[in-house]
Amino acid sequence: MKTVTTGMVVLLALALAGTASAGKDKEESQLRLELDLVDGSRVIGAPGIDSVPLQTPYATMDVPLNQIRTITMGDDHETASFDLRNGDKLKGVVNLKPIKLETVFGRVAVGIEHVKVAHVILLGKTLQEALKRGLVLTARVNNLVLWNTLGSQYDVEHSVVGPNGDFLGGNFVPGKSGTAIRYTPPAGQVWGPCVTFPKEVIPTHAGTIEFWAKLTGFGDTLQWNQNPSFLFISDGTNAMDLHLNGNDGNSNASLANSGLCGDYPAGGHIGTKPYTYTWTYDALLGGSGQGDQWHHYAFVWDENGIPGVGHRIAAYVDGVLNTQRWANDTGMPFVPFASGRLGLIPWQGRTAGTVLMENIKIWDYAMSFEPK
């Protein structure tokens, strides 16, 4: 179970809640409404409504605000498109009085005719998730470098913590706990991530990249050179990546790996077993039926050695150490990336299959995990 210092929790709550009005907490999920206006302005605050009336061709309904991800208004300022958190989409006519918001400059009322897009942010749920990871033994909240839910293009471009991402492709579908990005890079494309982040999100001396991912359409056996890839960054000299592979292609056969493979900027390589081992996705990810399920992945490094592991780089699946092979993970100093961007779900020669990913977090220390 994770423990977090009270002061750190308060700081995170303040940083996330910002404009939420003071006073008694109503429920677990407090809302923030971000209104992008037609004149290019943005107004952010705690809303004075809890639902939005919508008239569709088949029904009249009040859509709960906490079930809405975005509302995009039409040019007539009456029709609207709703993207809901469960993946549903609704279209209809909105009959809404001016929206009252508690903002940093007081209470304001914004007429619906001035709204271009409305984004609903679940602050309480966000904080709750941050404090309830489940797998991590200890978590220092102020060591969180990046947190992006990957739940929509807006979410990609508005990180919960850290720099915003750039959306390059893919679509959004129901995920593990919310909405996930789904991406199959175009055939023949060498570098085709769906999302990128600045190189500065990669801590130099120690860190953890964690996320949830699901594989679909990859068959039974891990093939050579047709491997689902989760992340990649390179500056032409150093590289970091994490992927599944039947053979990671190392030119030195004694170092070639299979399974969950990774490379670290200092020249280190990891894998689950030698490349001569033939993996099925089920066997690698926990047993029968696990190949196409959601799993938690963590890529961990520490230039002084990961506590409890001894080596400087390791990968975990569902909180369990997956790495059994290490090469060149000692000796060379870690160096920051001079250029490049961190890319998610990059192309790795696949002929079929799709990767789903959600809730990526990067921490500036090597996390400790407990067995599942």
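The table below gives the values:
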read-out	value
Ordering of 165-176, 358-369 by burial proxy (mean other Cβ atoms within 10 Å per residue, highest first)	358-369, 165-176
Phi-based couplings in Hz for segment 269-278 (Karplus 6.51, -1.76, 1.60; Gly and Pro marked x)	10, 9, x, 7, 8, x, 5, 6, 7, 9
Under Karplus coefficients 6.51, -1.76 and 1.60, residue-wise ³J(HN,Hα) of segment 237-246 in Hz, glycine/proline x	10, 10, 8, 9, 7, 9, 7, 9, 7, x
Built amide H within the under 5 Å cut-off of residue 164, gap 5+	159
Too-long pairs where the Cα-Cα distance tops 32 Å, listed order kept, from 91/214; 100/214; 89/214	100/214
Charge dipole (debye, nearest 20) of segment 133-363; +1 at Cβ of Lys and Arg, -1 at Cβ of Asp and Glu	140
Estimated distance in nm for a label pair at residue 67 and residue 113, the labels positioned 7 Å out from Cα along Cα-to-Cβ	3.0
Value of relative contact order over segment 133-363, rounded to a whole percent, pairs C-alpha under 8 Å and six or more apart	30
Area projected by the alpha carbon convex hull of segment 133-363, averaged over all directions, nm²	11.7
11 Å beta-carbon shell around residue 260, net charge (K/R +1, D/E -1)	+1
Segment 41-102, dipole about Cα centre (Lys/Arg Cβ +1, Asp/Glu Cβ -1), debye to the nearest 20	140
Calculated Rg and Dmax of segment 19-122 using C-alpha coordinates, Å	13.3, 40
Neighbourhood charge, 14 Å Cβ-Cβ cut-off, centred on residue 103 and excluding it, Lys, Arg +1 and Asp, Glu -1	+2
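Read-outs: derived from the displayed coordinates by stated rules, not from any lab. Keep in mind it's a predicted model, so treat the numbers as computed, not measured. No Cβ is skipped: glycine too gets one built from the backbone with ideal geometry, and neighbour counts run over all protein chains shown.
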